[in-house]
Amino acid sequence: TARPYSLGPAQMAYWFLLIFVCYVSLWLLTGDYVTIGHSQFVLALISCLTAVGSRVVSIGPPEGGDDVPRRSRGFFIDLLSDSNGVRFHRFQLCAWTLVLGLVFATIVYDDLVMPNFGDNLLALVGISAAAHVGFTYLEQERSTSFVDRQNR
């Protein structure tokens, strides 16, 4: 029985692979060492903090309040849902990550440069990531409170 995929680590892997592949591709195509810019650092930081933050706040009893861990229901369903089903904050983070990644790859392909995103766009991704971590915490608190009430 496979454990469910986790949104935080999936987002971290997505940005790492995208930045790494684009960097190496630009280096091989142009022969120049490409500068990693502010946007790439911020996207990598947001994805790392999302992965670590969501893991830290979800330490405790498994979601659902029992001793049986959840099983994977497929990659995309796992990323978009928690024990209560598909959640908007997860969809929002997935949507921004996917769209920004496509824009990132398109700029690299078309212009042969690492893209620079505006601070407002990066902040929007950060806010989506913070919402995900916050709602993960609230879900964990609700599961823990439910377990505590059941054990009384």
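The values are calculated or read from the model by the stated rules, or taken from the named source; none is laboratory data. Everything quoted here is computed from the prediction, not taken from an experiment. Cβ placement follows ideal geometry from the backbone for every residue including glycine, while neighbour counts extend to all protein chains displayed. Just so you know, the surface numbers come from the protein's heavy atoms only, side chains and all, with ligands and any DNA or RNA stripped out. Shrake-Rupley method; radii C 1.70, N 1.55, O 1.52, S 1.80 Å.
At a glance:
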| item | result |
| --- | --- |
| Protein accessible area in the chain, 1.4 Å probe - carbon and sulfur % | 66 percent |
| Per residue value of the accessible surface for the chain (all protein chains in place, 1.4 Å probe), Å² | 61 Å² |
| Over the range 71-120, equivalent-ellipsoid semi-axes from the Cα gyration tensor in Å | 30, 13, 6 |
| Lys, Arg +1 and Asp, Glu -1 on Cβ, resulting dipole of the chain about Cα centre, debye, nearest 20 | 520 debye |
| Ellipsoid equivalent to the chain - semi-axes via the Cα gyration tensor, in Å | 35, 15, 12 |
| Rounded FRET efficiency, nearest 0.05, which uses the C-beta distance separating Ala13 from Ile59 and R0 of 30 Å | 0.90 |
